[in-house]
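The values are calculated or read from the model by the stated rules, or taken from the named source; none is laboratory data. This is a predicted model, so every value here is computed, not measured. A quick note on method: Cβ atoms are made from the backbone with ideal geometry, for glycine too, and the neighbour counts reach across all protein chains shown. Side chains are part of the model used for accessible areas, which takes the heavy atoms of the whole protein and leaves out ligands, DNA and RNA. Shrake-Rupley method; radii C 1.70, N 1.55, O 1.52, S 1.80 Å.
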Amino acid sequence: MLKPSDFFDLEGFEFRALFDGVEYVWAALNRVGPFALEYIMSVDGDSTIFGTVMDGAWVDDAAAVVIGEGTVVEPGAFIQGPAIIGRNCQIRNGAYIRGDVVIGNNCIVGHSTELKNCIMIDTAQAPHFAYVGDSILGRGANLGAGTKLSNVPVSSCKCPETGKRPSIKIKIGDKEYDTGLPKFGAVIGDNCQIGCNVVTNPGTLIGKNTLVYPNLSLKKGLYPGNQVIKLRQDVDAVERR
């Protein structure tokens, strides 16, 4: 129910080792930064940039960033490592990649989209005005414009003694799971389509092949796959006087 295979088809995903031995899907998020650094150090040659970084784009510390063949980074994009960006991706104008990011092949990171400590499996898309923090997007998942995968609960204050936030807990049925993560956005399964201006609250898990209508604020927890999640509202149009 909560294994990576319940949310993703990892066959052919070059970076599937991120999920090896993972019992609960969110645990892969603890591995992103170290995995990216180890992978980057293993790349042969003097450069790790195999795609096209256009004039006006900025790659901070290029030695900590891999950009695959066929990938284009447009002017105005900013990439901070450690980060892996696969082949044939589009990193569009105004994209902000903040580090600890692994992006597969044929993905889109769009205008004014921010990524931080996240995984995008092949063909995932966050094309417009999205925030993807401490989250995982499955194969073919698409975030509508303005989607925010919120990663810190409003009530999550740092402990005065330790300076740390409490870990996020998720209740599914009668069982509560402690993720061990002080920041955790969402897990979006393969082929999910998320409508414009959706906000997922921290600790949201959405199963494969699910459609989420626009303008929803989803509570944390598990939403099984193959569903349509709707917002029902009445809209009245009256005569203007």
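Under the condition of being of a type outside the set (Lys, Arg), under 23 Å from Leu10 (Cα atoms), assigned to a loop (DSSP other than H, G, I, E, B) and open to solvent by 10 Å² or more (accessible area, probe 1.4 Å), the residues counted in the range 191-213 number 2.
Considering the conditions (1) open to solvent by 40 Å² or more (accessible area, probe 1.4 Å); (2) touching a residue at least 40 places away in the same chain (Cβ under 8 Å); (3) under 20 Å from Asp6 (Cβ atoms), Lys148 is excluded by exactly one of them, (3). Report, ordered by the first and then the second residue, all pairs with beta carbons closer than 7 Å, sequence separation of six or more or different chains, a first member in the range 34-62 that is under 16 Å from Ile103 (Cα atoms), and a second member that is surrounded by 15 or more Cβ atoms within 10 Å (Cβ to Cβ) and acidic (Asp, Glu). Taking only residues 6 or more apart or on different chains, the pairs are Ala36/Asp100. Between Asn105, Asn88, Asn93, which is open to solvent by 50 Å² or more (accessible area, probe 1.4 Å), within 18 Å of Phe13 (Cα to Cα) and either assigned to a loop (DSSP other than H, G, I, E, B) or among the hydrophobic types (A, V, I, L, M, F, W, C) (or both)? After ruling out the rest, the residue left standing is Asn88. Of all the residues in the range 108-126, those that are more than 12 Å from the chain's Cα centre (by Cα) and part of a strand (DSSP E or B) number 2.
When the range 153-184 is limited to residues that are modelled with pLDDT under 95 and under 22 Å from Val198 (Cβ atoms), the one that is farthest from the chain's Cα centre (by Cα) turns out to be Ser155.
Are any residues in the range 49-63 at pLDDT below 95 and either part of a helix (DSSP H, G or I) or of a type in the set (Val, Ile, Thr) (or both), and if so, which ones?
Going through the range 49-63, the residues at pLDDT below 95 turn out to be 60-63.
Those that are at pLDDT below 95 and either part of a helix (DSSP H, G or I) or of a type in the set (Val, Ile, Thr) (or both): Ala62, Ala63.
Phe7 satisfies every condition listed in (1) surrounded by 15 or more Cβ atoms within 10 Å (Cβ to Cβ); (2) more than 30 Å from Gln227 (Cα to Cα) except (2).
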